[in-house]
1. Among the listed residues GLU129, GLU98, GLU79, GLU103, which satisfies the condition of being closer than 23 Å to GLY150 by Cβ and open to solvent by 90 Å² or more (accessible area, probe 1.4 Å)?
2. Against the definition (touching a Ser or Thr at 6+ places or on another chain (Cβ under 9 Å), more than 30 Å from THR415 (Cβ to Cβ) and open to solvent by 80 Å² or more (accessible area, probe 1.4 Å)), how does LEU110 come out, yes or no?
3. Helices (runs of 4 or more DSSP H) wholly in the range 420-481 with at least 3 residues that are open to solvent by less than 30 Å² (accessible area, probe 1.4 Å) - which ones?
4. Say we look at the range 5-22 and pick out the residues that are more than 34 Å from the chain's Cα centre (by Cα) and assigned to a strand (DSSP E or B); which of these is surrounded by the fewest Cβ atoms within 10 Å (Cβ to Cβ)?
5. ALA285 fails exactly one of the following numbered conditions: (1) within 22 Å of LEU195 (Cβ to Cβ); (2) open to solvent by 60 Å² or more (accessible area, probe 1.4 Å); (3) not basic (Lys, Arg). What is the number of that condition?
6. Given the residues GLY392, GLY416, which is the only one that is free of Cβ contacts under 8 Å to residues at least 40 places away in the same chain and open to solvent by less than 10 Å² (accessible area, probe 1.4 Å)?
7. Residue check: is GLY410 part of a helix (DSSP H, G or I) and buried (at least 20 other Cβ atoms within 10 Å of the Cβ)?
8. Restricting to the range 232-279, name every residue that is in a loop (DSSP other than H, G, I, E, B) and within 28 Å of ALA387 (Cβ to Cβ).
Amino acid sequence: MDIVGQIVAGRTAKILVREKSGEKIELGDLLISEEAEGYLILQVSDLSYASQISQSSRELLAGLNLEGFGAELDFLEPELRNYIIAESKAIAYILKKEKGKFEVRMPKTLPKFFNSLRQVRKEDLAFLEKPDNPVYLGEVRSGSKILDVGVYLNCEDVFTHHILVPATTGRGKSNLVKVLLWSVLGQGRIGTLVLDPHDEYYGRHDKGLKDHPNAKDSLKYYSPLAPPGANTLVINLSSIRPGHFSGIVSFTSAQRDAIQLYYNQFHDEWISQIARGTALGNVMASTLGVLQRKFDNILGVYVDEDRNIQCRTRVFSDTQGQSSVDDITRALEDSKTVIIDTSKLLGEAELLIGSIIAGRIFNRYRNYKSQGNLNDKPVISIVIEEAPRVLGKEALEGGGNIYGTIAKEGRKFRTGLLAITQLTSLIPRTVLANINTKIILGNEMALERAAIISSASQDLSSDDRAIASLDKGEAIVTTNFTKFAVPIQVPLFEDYIKKIIPKKETKKEKPVFVG
């Protein structure tokens, strides 16, 4: 057994381990304490220097060395007198049972005092089994060491109960989501709507979900400038209802009243009539003018010299796209992944399109539940970037929006969110409490770490520094569906798919005979 340290003191949440000379214990390391009927898994949360020599003596010796008075001076038996103390906590007790079975328990006792510890091995994690309908998250990580142990969760459980991916820029959020989506594509259990403001998931110019073996049957891509084989994104104006703007676009009370009047009068043509400047009853000309400008700015909708409705982005139309929303909804119900390229749209237009589709699918699923056949339908997950735009306090004030409704009620209707954000603190705690799985990437902002830790499914109160020190691709998974928070390394998407996509056989050149 390769000993790396020994327990010397501590309490339940802070077990102190002296590091063995010549070994290196890292933040986040998983250490094993052998017990009578199994073993404890401890995780390192902090490191500090310790010494048997007084602080004043150490400072004096350092001064002598620095000033050139004692270049050869050193401590007597330095490996015994000076050492590193690792603070750790027990995160799981693994009880060994008959026939190679394991039982994972929450630790309720301290490990044996003065017990020696070793680094975790692959066989220590045999209890991490692959469930039915798995979604792949990454490989188990101990400190910066990656073990050949995949971390999988049941995709129906995880996506129904929502997922949050919090991190600062450049820590691998998009890469993580690509890996998640790739692992469930074509399973037949999940329908995923991806609002893609950076056009990065499909892989128009590099590797992406289009390269999945099941992409032909299970992936649909909509874009204003669709490549061959994809779908042109056009939404008919008749698909838009006043409620779709709730929590996305700010209107004054007068403007909201005017919008409702136009909708009551003209129904599916209400936006077209506002764009044309059609006068209506008690609506002031100034209010109508403001609404025309707002719909021009947000939707790009205006009237040309021939009084025809035009759209600057070509995404909205009064003559085309009548079936787009129904087609997307059917694809989601068929367990397909639908990527919508919104990179050419303003943020409000992107969220509006998501609101239209999410509202349609959510209402359909509510009807399925009332009819008693909801369990026959796949789980629907909606991927939204910069989540505070629709889940922040301001967005949820008043009547809220469909995203907030799904966050609070979606699990009852097999509908969930996969929310990506840099600013967790802007999302109310009542919403965060409903997101049961958080895949935490690196974050150096103390305020954001505090928001993440306070809403985690497990106790991460001692993991503040560990979260701040997470490198690109390193993450901590905290969820209701594991006994403890699991540290993982998310593979680089391009490397991950190389292991899955069958290698093309190279054609052997026919020999050329020279006679």
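1. On the way: GLU98 fails: closer than 23 Å to GLY150 by Cβ; GLU79 fails: closer than 23 Å to GLY150 by Cβ; GLU103 fails: open to solvent by 90 Å² or more (accessible area, probe 1.4 Å).
GLU129 is the lone residue from the list that is closer than 23 Å to GLY150 by Cβ and open to solvent by 90 Å² or more (accessible area, probe 1.4 Å).
2. Numbers: touching a Ser or Thr at 6+ places or on another chain (Cβ under 9 Å): yes; more than 30 Å from THR415 (Cβ to Cβ): yes; open to solvent by 80 Å² or more (accessible area, probe 1.4 Å): yes.
Yes: the conditions hold for LEU110.
3. Values: elements: 429-432, 446-454, 464-468.
Result: 446-454, 464-468.
4. We begin by selecting, within the range 5-22, every residue more than 34 Å from the chain's Cα centre (by Cα); these are 5-10, 18-22.
Adding the requirement that they be assigned to a strand (DSSP E or B) leaves 5-10, 18-19.
Numbers: GLY5: 26, GLN6: 15, ILE7: 21, VAL8: 14, ALA9: 12, GLY10: 17, ARG18: 18, GLU19: 19.
If we take residues in the range 5-22 being more than 34 Å from the chain's Cα centre (by Cα) and assigned to a strand (DSSP E or B), then ALA9 is surrounded by the fewest Cβ atoms within 10 Å (Cβ to Cβ).
5. All conditions are met except number (1).
6. GLY392
7. On the way: part of a helix (DSSP H, G or I): yes; buried (at least 20 other Cβ atoms within 10 Å of the Cβ): yes.
Judged against the criteria, GLY410 is a match.
8. Step one: filter the range 232-279 for residues in a loop (DSSP other than H, G, I, E, B), giving 233-234, 240-241, 246-252, 277-279.
Across the range 232-279, the qualifying residues are LEU233, VAL234, ILE240, ARG241, SER246, GLY247, ILE248, VAL249, SER250, PHE251, THR252.
The values are calculated or read from the model by the stated rules, or taken from the named source; none is laboratory data. Bear in mind the structure is a predicted one, so any value in this text is a computation, not a measurement. Backbone-built Cβ (ideal geometry, glycine too); neighbour counts: all protein chains shown. We work out accessible area using only protein heavy atoms, side chains counted, and drop any ligands, DNA or RNA first. Shrake-Rupley method; radii C 1.70, N 1.55, O 1.52, S 1.80 Å.
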